[in-house]
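S.K.: After the structure tokens below, expect a handful of questions from me.
Rule-based calculations on the coordinates, nothing more; no lab input. Just so we're clear, the structure is a prediction, and the values are computed from it rather than from any experiment. Because the Cβ atoms are built from the backbone with ideal geometry, glycine has one as well, and the counts that use them run over all protein chains shown.
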């Protein structure tokens, strides 16, 4: 788990080098930087913005279009009452401690984790062992305390490691106990921070001119989807199961957001709420399509035993053995895996980790996170939770809205039961103002009580019933105003609250992890500095094609423009670079931007219209006429062919352009 | 101006009927409706969400891709300091009055407008004239006071009409005077509301756990773009002019947002910041492409004279005559017009209105709104403002960041001027600790002063200079420690702050107006109720194709699935409707959803693979094999062909399917 992050080619990944490229090429940049910046807020520049749009586009095709999900766009502003009902006002919080001396605010779990890891490292140093550094752990960047090289008892080392393996399972009071038990102190002041208190992570505001309607920025898109459940079911012509989906910004007022794109306060989410009948084992009709997909899983029990061993297993077997609770949950876990592979995530750096009991959100009954390995360790990028009927039930109870499915039963349900009929004409005058109370008491009787009452009625001609607040607490009803019989009732409609399986994607975290997974450095023969490359798959790459003229010759200009326009009409984003830099330099710049393909226009192009097409990763080239080259680009961008396919189809080209120019 | 809104076919537009369809078909729905809703917040259901995505997609192609704009994604959360500098904290406000009796909060301009219009209607009623009703004016829905039928003097009528024509030009104090002058009273209480006070329209929150960083939800995306100006210029390899663009949510805490999608508190914006050299008349290299585009304009002077007469004029002429200030502003106005036509806006319901001086935002020096006519009157949907160098200048002044362009001059600028050289070795010891102060005083002298000093120096061998705080306020400098000469200086670099032309689109308002412009009702021969149709162009329609089987025959099922999958792979959204409703009913449903095309699969399809394709608007059909039908759909959706083209190419089909089914 604590091995170091590597590049696409297995080189040690230097986060500093990568971050330098990402900022220089404007993939992302701290927001409001000329004002000193604000923690946890980042802007995407053109390549980051385009990469994000392409990831979202693949997501939409892979999930929404593939399964006819109902996409909605709901508001970020959410009134207090909704999030009170959903439990977020009371429970959506992190535990924070305060240093009483300097006022430092610390996230309790990150603080405990940082100090214990520092002590473990200090122990290794004292024993002369190699320390495997995580280069930048988002959870503890600021607190990265260098503990002294102090040797620990073996038993203590084991204890610390077990605490760390289940760190996400501790609540505030337990974290407070750990701080006291191990005497954990803020390295900056040398004193113990205060007892952890809950800090709600929602941004608050007020809606309207009179400031009396409290509201929040939503912490997830889910609630807006749940509240529209009844309308969406109707829109879906009452067919079950179905899913809604929403792509939009959500907000969390993180306590210490100092870690680039991995822990931010404003982020793009893509969430699916799949509604399923809780009866019948939550089967999924397309589960057979994915059952052989192999996944790396880290289950709850392993973590609770203080370990982090994973197992590789087919999702079909995981569901069958009960490791993953049901087919629908399993189906989405497999679909998440396939999506990740499609956008270029390195599958050797992906695992699914099950939440431990105390770690789960207040609404979930089971949850698997898709985690990606980065320089920040294993990062939760997608949560796949079974929210059961929690949300629909609490909103229905609060508002009285029927958030249920009503289905005609194929075979009517026949129920035999004791039923009470009241002869209103006699019953009313008998009890006058108490009639309703007595009637309610009768309705509230159980089947067992009714059976006894029926016997009493037939044997004595009347019943005696305890009714609090009426007469002396007991009333008598004679058989002329009541009948109790064992009869059949037929129910043609079934009513149930669906369960919700929720795959929830943090697009920014996926985007950042993808940048790390696609990064590598190209060595140069001449001993120059290694050059960075971002090997995005053509489907998600920000720009697909770089067009360069061999030289600044005027003859090339109209050809550049026509080609660029033709590619654009075909839906292929491209850039012309006719600057005075060498072709080599221009390709280097585009390696850093992750542009997968390059076209050179040279004198032969002017003569016969043929173009060379260059592959970023191998730097090999092919040459063919414009139609064939565009056809090749299209199939690469759509993900239907690989560069190896293209090389097999089109004639190889081994030109000398770069040298010609740099002479 | 006050004529009533009509449908696409010129029928009177019944907003109630349209709204009923839009809500029933889930184009949009009030957010949090089961909790009673929150004013000004709406969710888009699947068709609204898809329509919005398609409009944004056309926008991105029409503007960003067409002109290689730099798209960015910046944060909504914005710290106080940024919006203080930009002027929004002090000036981004509406004027509101309070009714002292019942506490009603009224937007001052809307209140004045509503009461005066009510009186004008009362006058018409008293004179027995027809009252042209705006069916629902978003500006005054709540306050729609029915004034009594009281006849007004002709002069008073004229005065009221003049006030209304320039209502947007009044500030708070002036609105207060109008309320007193005309004794305007809240119809609900019969008393005059209080003096107007400014109400800031930004939602406030605080960022971080210690609650000490005040922030707002951005009221526009522009500021995030301006703050990245220097980085974007560098990304653009220092080339000018260029534009950045941002599509994202913005927020305004409207005082009275009761008007469906036209005045909401959370909305999607698409904004362009085009940076242009302020020198050379703000020319645009592609202006010639649009110069003959004819537009309907309502200029500033016409409005100030109390009229609303428009003129139709070519944009080339408008720029030439100075009516529109410059080519770049004119270019974007024309491009906005072309965009609106492309998505299906009725050009007879579109005009460009120039802002009056007091109406303009605090940052703008000229502004033209693209207004669309709806049941709510003329609605501002796009603002096209010349923000000059306002924003870049204030942010640069506040932060010291160089938000400027540095350009190598093609021809170096030669400046002849009086220059002062100081002989430091003598000058320093002469003034000791005051040397820097005296030097600064010398540097601060004007050219005129220097000329005089030079004369004094050559004539007397020394100069006398007033320097506050040094000696007795006067110092003498002899010619051995100073030289003053008239010399040439060569400047190779030019530095300037670019001006910004900003087209700013409210996507929600455009979307709503489009729904009105595309709406009409289809009469039925049999005297049934008229049926609603939303004739969206195929390019923006939420779903492109409805696929229906002729009957529930099992033979059709695999064909439906294969066809749907093939269309999806081609990027054409489609829905199968194999419900038990008649084909006629299924088409009716899809008329309301705005689905432009329908495919029927019948027994002939099973035999020979041919399909029928039906056009929503004409209800005529053609029949051909699958390849030809898909080719036809593709060209319709891409906007390359019209239905008339398809009818001319493919054999007409006049089948009897509907009758067969309904028999």
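S.K.: Which three semi-axes in whole Å describe the equivalent ellipsoid of region B:543-662, each the square root of 5 times a Cα gyration tensor eigenvalue, listed largest first?
M.R.: Numbers: eigenvalues 77, 48, 44 Å².
Output for region B:543-662: semi-axes of 20, 16, 15 Å.
S.K.: Another question, if that's okay. Does region B:413-491 classify as rounded, prolate or oblate by the C-alpha gyration tensor (a ≥ b ≥ c root eigenvalues; a/c under 1.5 gives rounded; else a/b over b/c gives prolate, otherwise oblate)? Walk me through the intermediate numbers first.
M.R.: Working: a/c = 1.76, a/b = 1.61, b/c = 1.09.
Because a/c hits 1.5 or more and a/b exceeds b/c, region B:413-491 counts as prolate.
S.K.: Restricting the count to DSSP beta bridges whose residues both fall in chain B, what percent are antiparallel, rounded to a multiple of 5?
M.R.: Details: 93 of 105 bridges.
Approximately 90 percent, going by the DSSP bridge assignments.
S.K.: Can I ask one more? Taking the simple approach of a point 7 Å from Cα along Cα-to-Cβ for both residue B:471 and residue A:635, what is their distance in nm?
M.R.: For the pair residue B:471/residue A:635, the computed spacing is 8.9 nm.
S.K.: Report, as an integer, the average count of C-beta atoms from other chains found within 10 Å of each Cβ along B:219-229.
M.R.: Values: counts 0, 0, 0, 0, 1, 4, 1, 1, 7, 8, 1.
That average works out to 2.
S.K.: Quick one: the Cα spread of region A:446-485 along its three principal axes, in angstroms, biggest first?
M.R.: 27, 22, 14
S.K.: Which whole number gives the average, over all residues in B:245-253, of C-beta atoms from other chains lying within 10 Å of the residue C-beta?
M.R.: On the way: counts 2, 3, 2, 1, 6, 0, 5, 0, 7.
Neighbouring Cβ atoms belonging to other protein chains average 3 per residue here.
S.K.: May I pose another question? Report, in whole Å, the centroid distance computed from the Cα atoms of region B:563-638 and region B:381-452.
M.R.: With region B:563-638 and region B:381-452 each reduced to a Cα centre, they are spaced 70 Å.
S.K.: Can you give me the convex hull volume of the Cα atoms of the protein assembly as shown, divided per residue and expressed in Å³? Please report the intermediate quantities before stating the final value.
M.R.: Numbers: hull volume 393.6 nm³, N = 1326.
With only Cα atoms used, the protein assembly as shown gives 297 Å³ per residue.
S.K.: For the pair residue A:568 and residue A:483, how long in nm is the line joining their label points, each one 7 Å along Cα→Cβ?
M.R.: 8.3
S.K.: Scale the Cα Rg of region B:275-374 by the rule-of-thumb value 2.2 N^0.38 Å and send over the ratio, two decimals.
M.R.: Details: Rg = 13.5 Å, N = 100, 2.2 N^0.38 = 12.7 Å.
The reported ratio for this selection is 1.06.
S.K.: Mind pulling up the Rg/Rh value for region A:456-589? Radius of gyration and Kirkwood radius, both on Cα.
M.R.: Values: Rg = 40.4 Å, Rh = 23.9 Å.
When Rh is taken as the Kirkwood radius, the ratio is 1.69.
S.K.: Mind checking the alpha-carbon convex hull of region B:93-200 and giving the volume per residue in Å³? Before the final figure, lay out the partial values.
M.R.: Details: hull volume 10.6 nm³, N = 108.
It comes to 98 Å³ per residue, whole-number rounded.
S.K.: Among B:328-339, B:186-197, how do they line up from the highest to the lowest mean number of other beta-carbon atoms within 10 Å? Write down the numbers at each step before the final one.
M.R.: Values: B:328-339: 23.7, B:186-197: 15.8.
Ranking the peptides B:328-339, B:186-197 by packing returns B:328-339, B:186-197.
S.K.: Let me make sure I get this right: for region B:551-594, a, b and c are the square roots of the gyration tensor eigenvalues over alpha carbons, sorted descending. Under 1.5 in a/c it's rounded, otherwise prolate if a/b > b/c, else oblate. Which is it? All intermediate terms of the calculation are to be shown ahead of the outcome.
M.R.: Numbers: a/c = 4.03, a/b = 1.14, b/c = 3.52.
Note, shape of region B:551-594 comes out oblate.
S.K.: OK, next. Considering the rotation that carries chain A onto chain B, locate the chain A residue whose Cβ comes closest to its axis and report the distance in whole Å.
M.R.: A:205, 2
S.K.: Report the calculated FRET efficiency for residue B:4 and residue A:238 (r = Cβ-Cβ distance, R0 = 25 Å), to the nearest 0.05. The partial results should precede the final answer.
M.R.: Details: r = 38 Å, r/R0 = 1.53.
Step by step, r from the Cβ atoms, then E = 0.05.
S.K.: Sorted by average packing, counted as other Cβ atoms within 10 angstrom per residue and highest first, what order do A:628-637, B:453-462 take?
M.R.: Numbers: A:628-637: 20.3, B:453-462: 13.8.
Highest mean packing first, the order is A:628-637, B:453-462.
S.K.: Using just the alpha carbons, could you tell me how many Å³ per residue the convex hull of region B:495-569 encloses?
M.R.: On the way: hull volume 12.4 nm³, N = 75.
Considering the Cα atoms of region B:495-569, their hull volume per residue is 166 Å³.
S.K.: Determine the principal axes of the Cα atoms in region B:16-172, then give the extent along each, sorted from largest to smallest and rounded to whole angstroms.
M.R.: 58, 44, 40
S.K.: Once the label point is placed 7 Å from Cα along Cβ, list for residue A:168 the distances to the corresponding points in the other copies, in nm, shortest first.
M.R.: Distances to the matching label points in the other copies: 5.3 nm.
S.K.: A follow-up question, please. What are the extents of the Cα atoms of chain A along their three principal axes, in Å, largest first?
M.R.: 117, 66, 57
S.K.: How large is the helix-only mean residue ellipticity at 222 nm for the protein assembly as shown, computed as the sum of -39500 (n - 2.57) over DSSP H runs with n ≥ 4, divided by its residue count, in deg cm²/dmol to the nearest 500?
M.R.: Values: 48 runs with 458 residues, N = 1326.
Only helices count here, giving -10000 deg cm²/dmol.
S.K.: Let me ask you something else. What does the structure give for A:389-402 when I average, per residue, the other chain Cβ atoms found within 10 Å of the residue Cβ? Don't jump to the answer; show the numbers that get you there.
M.R.: Details: counts 0, 0, 0, 0, 0, 0, 2, 1, 0, 2, 5, 1, 3, 1.
Partner Cβ neighbours, averaged per residue: 1.
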